[in-house]
């Protein structure tokens, strides 16, 4: 049983409501939109990722025999409910922004148009996928901006929140501009480039650090990266130089392609290690740094001119540790042809099917306009149709295509939004007059309620 | 292909090092311990969870044909490496603290004793499982302490970091004292109790809120919980009362078992809704609250005497949002019979195989002593052997057993550690003289290194 395609990976209330919809024949078309209500602190934009997994989930949605049997036996659902579920497939449409697109609060990044039970059921897992990948891509993009041009690698598997977070975190960060990941499964399953060095345990397992370095290099002659900080980083750098000399004397062709620093004052150590390597004739050997790094630390090291060629980032990346949750929601915007709106305190939504238009100035993103579908505005529309009748309209994009899009999007950001702190002047998102008008209309339709509340 | 049991769910450097170990015949016994280096801010203790998944992973560890083929073709590994992997199984021992046990920094909660390649390979996934479940159980325990006695339900799937995080988050929080989860798969796969109400979309899909309530109650007569805040919470409460009267008149036996508040001033709304329900003859109808809650909000609502019977907690629980990462590590402590120690700046470890003794005073936890295995100390030992020759020694514990243990552990905490803030006097963890002595011995063995650094 695959973890990924279970139709029971949903909240109980989705099934409870499905029973209500079935009972009352409520199978009219529902339109749900997925969007983020507000930016976390210190964010100027978000990056949409996760569509590919969302579409695969929708295409493969079905209740297995095992699921149906469980539903029958659980005692949680009325008799006959499982029979309704047995034939349920996703037959609807999806519109979405392409993966790697930068977006802002109140801008839908995915819209589901389908018979109510289908559109309702998929909420939990769609959110679970798109929220997480978008969260990590948005975090990774900050690192890419902060460490301008250096090689960034995801080291996060061990402290990611489960296996899927490790894999999809590798994917999301790769799309956002990371060079790759340490997670082998991510290479196997998705073709993401993998990077690896050595761990302290390899050094510790030898009585002598030099012997450990030599054995590692001999076992991995092509791409040897030695970890220097198990005992003392600078002494270890001298050992690396000595080892390279011995290899040179022997003419065995092995060279030390890189070293890794994982603790201590990374800027100072990198300078000293660079000097030791250069003086020892290892000018081509790169320096890679890791150890509780985040985008702030990378910015600081980069600004200080520390001679570091690349960074390994783990926990902070793959949990988006400063903001591990986005205020992402999936809300009903239309049912049976009528626009709908939630008006809960602090959580009101804009009704109807929407489109987002992006406007540029001097080649950079200038402002967006959110409006009702069909209302022409200046700029380019962000949402495109990607699924019809439950089938995707295009072959999946390559990761390379998404990476290029993400890079172009980041390059198109105004400079003031490329900082790690919230910009004084945030990106401008306008709500169109047509959308304001629609919201007022919907409020009038259910107008007795606000009147009564006074 | 199951996501959960892939041997390639590991970091590249584990495989790189394995190749080094194979090449040099380094198959001596290695001892790794998993522990947390320090508490996150505002934590007084942690709760160990995840052992069951860790043992299953170890028992099932093998490279599939598909994995081996990928290794051969990837071009990342020397020829012949896959043949070594083909026969690799986990044949070692595991000692661990039982799930639901409270622990502190520097106390090993899991120890792996196995031939070096096996013990090394499993690091990434063992950490991935045990770190995450421990993180969430530790977070959930705070909510349990803060909302004393109220019904707590995990609502986190949609913003959990992937599917596995949703499922294991449900498990970890259930063990820590939550009553259950909204995630259906967690009931199907692990037998965790599930809870559900209704969503705003169900109400919005109807032109009339009262009609929505009626239809929902008729479809779900046994356990109807109505969501009140789609438009106006108090008006909706009056509608619930009116509906209950209509049902009573009709004698259809349907009653409203609960209502849910999801936005606004929950304390004030709960009081007003309680009054409306009581005056309407719905004294038995419970009030359930949700909406961006965490342990602080629950403590405040509980302290204010808000008439709330239960809480649904989502994002903050399942991402441990205030501290989404623990400083958990898996470190080599002994190889080939010799104790080992890492001395990296700020990351030094205590060497050797260890045991933790817990000492009580007046029935409450008083202090722990960490010592080398075999060194008798006062108190009860926490680590017990759970696996030998790669097979578990006991049938898996029931979730109920773990829940009871967790509850007993929380009850045994000194009162000063039950707060949500860091206690002025933290829990005392002593490092025994025997362990200090061993560390000094290990340092002398590798003594030339610190000497050179001066």
> Taking region A:222-232 only, how many residues are within 8 Å of chain B (Cβ to nearest Cβ) and in contact with a strand residue (DSSP E or B) (Cβ under 7 Å, 6 or more places away or on another chain)?
Replying inline: 1
>> Filter region A:53-64 down to the residues that are outside any helix (DSSP H, G or I) and surrounded by 20 or more Cβ atoms within 10 Å (Cβ to Cβ) and list them by number.
In response: A:63
>> Among the residues of region B:175-207, what is the count of those that are more than 9 Å from chain A (Cβ to nearest Cβ) and at pLDDT below 95?
In response: 0
>> Being at pLDDT below 95 and under 24 Å from residue A:356 (Cβ atoms) narrows it down to one residue among A:440, A:451, A:422; which is it?
In response: A:440
>> Tally up the residues in region A:176-191 that are closer than 22 Å to residue B:70 by Cβ and surrounded by 24 or more Cβ atoms within 10 Å (Cβ to Cβ), please.
In response: 7
> Going by the structure shown, is residue A:380 assigned by TED's automatic domain parsing to the domain that holds residue A:104, touching a strand residue (DSSP E or B) at 6+ places or on another chain (Cβ under 9 Å), exposed (fewer than 12 other Cβ atoms within 10 Å of the Cβ) and farther than 19 Å from residue A:34 by Cβ?
Replying inline: yes
> How about region A:337-351: which of its residues are more than 13 Å from residue A:35 (Cβ to Cβ) and within 7 Å of chain B (Cβ to nearest Cβ)?
Replying inline: A:340, A:343, A:344, A:345, A:346
> Looking only at region A:234-261, which residues are touching a strand residue (DSSP E or B) at 6+ places or on another chain (Cβ under 6 Å), without any contact (Cβ under 8 Å) to a residue 60 or more places away in the chain and within 11 Å of chain B (Cβ to nearest Cβ)?
Replying inline: A:261
>> Against the definition (touching a residue at least 12 places away in the same chain (Cβ under 8 Å) and within 11 Å of another protein chain (Cβ to nearest Cβ)), how does residue B:157 come out, yes or no?
In response: yes
> Would you call residue B:27 surrounded by fewer than 23 Cβ atoms within 10 Å (Cβ to Cβ), more than 30 Å from residue B:425 (Cα to Cα), within 13 Å of chain A (Cβ to nearest Cβ) and in contact with a strand residue (DSSP E or B) (Cβ under 8 Å, 6 or more places away or on another chain)?
Replying inline: yes
>> Could you go through region B:80-94 and let me know if any residue there is within 20 Å of residue B:47 (Cα to Cα) and away from every other protein chain (no Cβ under 11 Å).
In response: yes
>> If residue A:342 meets every condition in (1) assigned to a loop (DSSP other than H, G, I, E, B); (2) modelled with pLDDT of 95 or more apart from one, which number is that one?
In response: (2)
>> Against the definition (part of a loop (DSSP other than H, G, I, E, B) and in contact with a helix residue (DSSP H, G or I) (Cβ under 8 Å, 6 or more places away or on another chain)), how does residue B:397 come out, yes or no?
In response: yes
> Quick check, is residue A:171 part of a helix (DSSP H, G or I), at the interface with chain B (Cβ under 8 Å from one of its Cβ atoms), buried (at least 24 other Cβ atoms within 10 Å of the Cβ) and touching a helix residue (DSSP H, G or I) at 6+ places or on another chain (Cβ under 9 Å)?
Replying inline: no
> Just checking, which of B:109, B:136 is farther than 18 Å from residue B:186 by Cα and either away from every other protein chain (no Cβ under 14 Å) or modelled with pLDDT of 95 or more (or both)?
Replying inline: B:109
> Taking region B:2-24, which residues are more than 7 Å from chain A (Cβ to nearest Cβ) and surrounded by fewer than 20 Cβ atoms within 10 Å (Cβ to Cβ)?
Replying inline: B:5
>> For the condition more than 27 Å from the chain's Cα centre (by Cα), in contact (Cβ under 8 Å) with a residue 24 or more places away in the chain and on the phi < 0 side of the Ramachandran plot, what is the one hit in B:33, B:28, B:59?
In response: B:28
>> within 30 Å of residue A:176 (Cα to Cα) and within 13 Å of chain B (Cβ to nearest Cβ): which single residue out of A:51, A:61, A:34, A:55 fits that description?
In response: A:34
> Out of (1) within 12 Å of chain B (Cβ to nearest Cβ); (2) more than 20 Å from residue A:310 (Cβ to Cβ); (3) touching a residue at least 12 places away in the same chain (Cβ under 8 Å); (4) part of a loop (DSSP other than H, G, I, E, B), what's the single condition that is false for residue A:214?
Replying inline: (4)
> Restricting to region B:238-259, what's the tally of residues that are within 20 Å of residue A:345 (Cβ to Cβ) and either more than 36 Å from the chain's Cα centre (by Cα) or surrounded by fewer than 21 Cβ atoms within 10 Å (Cβ to Cβ) (or both)?
Replying inline: 3
>> residue A:310 - would you say it is within 14 Å of chain B (Cβ to nearest Cβ), crowded, with 17+ Cβ neighbours inside 10 Å and more than 30 Å from residue B:207 (Cβ to Cβ)?
In response: no
> If residue A:359 satisfies every condition in (1) within 14 Å of chain B (Cβ to nearest Cβ); (2) under 30 Å from residue A:435 (Cβ atoms) but one, which is the exception?
Replying inline: (1)
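The values are calculated or read from the model by the stated rules, or taken from the named source; none is laboratory data. None of these values were measured; they are calculated from a predicted model. Here Cβ is always computed from backbone atoms with ideal geometry, including for glycine, and neighbour counts include all displayed protein chains.
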